[in-house]
1. What whole-number value in Å² describes the accessible area per residue of chain A for a 1.4 Å probe?
2. Between B:Ser68, B:Ser225, B:Ser59, find the one with the highest GNM mean-square fluctuation for chain B; connect C-alpha pairs within less than 10 Å.
3. Between B:Asp174 and B:Lys237, what FRET efficiency follows from the Cβ-Cβ distance if R0 is 22 Å, with the result rounded to 0.05?
4. Checking the cross-link filter: which lysines have an alpha carbon closer than 18 Å to that of B:Lys51, excluding same-chain neighbours under 8 positions apart?
5. Which value results for Rg/Rh of region A:164-219 when Rg is the Cα radius of gyration and Rh the Kirkwood radius based on the inverse mean 1/r?
6. Setting aside same-chain residues fewer than 8 positions from B:Lys264, which lysines have a Cα under 19 Å from its Cα?
7. Determine the dipole magnitude for region B:87-141: charges of +1 sit on the beta-carbon of Lys and Arg, -1 on that of Asp and Glu, nothing else is charged, the reference point is the Cα centre, and the result goes in debye to the nearest 20.
8. Among A:Cys273, A:Val199, A:Ala253, which residue has its Cα furthest toward the positive end of the charge dipole of region A:151-288, with +1 on Lys/Arg Cβ and -1 on Asp/Glu Cβ?
2 protein chains.
Amino acid sequence: MNERDFIALLRPLAGPAALNLDDDAAILTPPPGQDLIVSKDTMVEGVHFPKGRIGGGFSERLLRTALSDLAAKGARPIGYMLSVAWPIGRDPKWLNGFVRGLHDAQESFDCPLIGGDTTSTDGPLVASVTVFGLVPNGEMVRRSGAKPGDDVWFTGTLGLAEIGLAIVSGHAVDLSPSKRLVAEEAYLRPEPRFAFRKVLRRFATAAADISDGLLSEAGHIATASGVQIDLIAETTKNADFGDDYELLFTASARNREEIVEGAKAIGLPLTLCGHVLEGVGVTVEGTVVKPEGYRHRF
Amino acid sequence: MNERDFIALLRPLAGPAALNLDDDAAILTPPPGQDLIVSKDTMVEGVHFPKGRIGGGFSERLLRTALSDLAAKGARPIGYMLSVAWPIGRDPKWLNGFVRGLHDAQESFDCPLIGGDTTSTDGPLVASVTVFGLVPNGEMVRRSGAKPGDDVWFTGTLGLAEIGLAIVSGHAVDLSPSKRLVAEEAYLRPEPRFAFRKVLRRFATAAADISDGLLSEAGHIATASGVQIDLIAETTKNADFGDDYELLFTASARNREEIVEGAKAIGLPLTLCGHVLEGVGVTVEGTVVKPEGYRHRF
């Protein structure tokens, strides 16, 4: 197995902008009236994903979590670039799984491969994707627009991915088979909330995906927006592990009804979890908290 | 040292599109009349760069070699995104060197950081950059446009980086101090040939940067263009190690004089190294060769 064989395996994933993966670069000019949005995410075997389960699970989760950043910005995906540092001597059938995981994720979101590079490593598998999306000019939802008086919302159910990771890692979890499956899916195949992007673009003043836990992401929005976010205690239970990739967003209280309607129309659960105040930092019903979300140490 | 400290060190490198590194995404809409060109490159400690010399050398070379892909497409750089998997326990002073190397490279090419992510790893340092550039609409130079009858050219001097790597790796090299310095610079600070981009856009029918050796890159252009490339034996000496990041390009023989003038105007050495024929593959004065350029094995 060498670099050329690797690229041959990836070629069926390539979209038109990839120039058949025969070039060093891709052309990504957005159509008139659209902004190009770019985000980058990396996964390291043994750090972000259990060792020994690489194949499809690793790559499908990687692409889905990267796409989640685009969903949080109100964008629709148009393609991704991939860098892989592949462990020397790894069983080639794992590579087939890796390619299948990418295939499954990109088919779900109509988001082809448009380039990248492959190298070898004597360390763990490291893969990085750069995802590209489009929004109408000037409509990207930032982290920095939350205003005092806004509501704070999150989508979906938080805490499922934590259970899913425990299951995937082989720990005993006391759940019915159907609930196990739901939790495992939440961890292995997090759902970028693209279906909600029009509501988000229309009403959200700020948004982020919840990768590092609810308190941590609320802190990011509070800092970027120069506001205080006060959360409702009830809604923060089991919500600071992260890894769920649901959306956290702020919006004016006068749009509450339209937001609820918009979520209902696509069957997306929605929780009103707090309010934006004048001030700094994150509080839970007035008590200052220090986010305990995941942070890499070096 | 944690992720937030790492990002604080990187913040001075950030350009306006980075939104102060406070967001998950960047907006990269090219101005009207321009195409956005994207390329991705990864470096692994111990594979692409000698272990024990990480700091500035690693990151400066990484960014310069990634930018070289843009230069080969006739683009000018506008920014880059960075993913770093940083080894746990690595001396923090190495991180300062890493940031300084990025700073030096981006200052040279007016190419700010616009986003990315940092993670930890228990393996070697892996860093990946996605570089962004602009060309006038439709003017990106591809690998696929070489035509029978074209000349084949390369810029600069090939083989220097091979000697530079030997020096950097601590091997004995019998050279004068000034020649040692030139070779070391060629390896540590390869020069993306942006100064040549207008000549390239005007006259080149196909181009690539020489990362994997002359024969190997000629093979890529021959394959993508559906032609045969016949090289002049004299010009292929010591030229198949790669790592020089000079440009290989094809152009109609009737533009020979203007191309030579364009290179002379910026003091860039230029070598007419072959011709494009009807056929397939790479030959050296008629003899079929198999490119021996660097290829990762897994």
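The values are calculated or read from the model by the stated rules, or taken from the named source; none is laboratory data. Just so it is clear, the structure is predicted and the values come from calculations on it, not from any experiment. All Cβ positions, even for glycine, are placed from backbone atoms using ideal geometry, and neighbour counts span all protein chains on display. Note: accessible area is taken over every heavy atom of the protein model, side chains too, but ligands, DNA and RNA are not part of it. Shrake-Rupley method; radii C 1.70, N 1.55, O 1.52, S 1.80 Å.
1. Values: 11620 Å² over 298 residues.
I get 39 Å² per residue for this part.
2. Among B:Ser68, B:Ser225, B:Ser59, the largest mean-square fluctuation in the Gaussian network model of chain B belongs to B:Ser225.
3. It comes to 0.75.
4. Of all the lysines, those that pass the test against B:Lys51 - Cα under 18 Å, at least 8 places apart if same chain - are B:Lys93.
5. Details: Rg = 15.0 Å, Rh = 13.6 Å.
Computed over Cα atoms, the ratio is 1.10.
6. Here the lysines satisfying the reach criterion relative to B:Lys264 are B:Lys198.
7. Here region B:87-141 has a charge dipole of around 200 debye.
8. With unit charges placed on the Cβ atoms, the residue in question is A:Val199.
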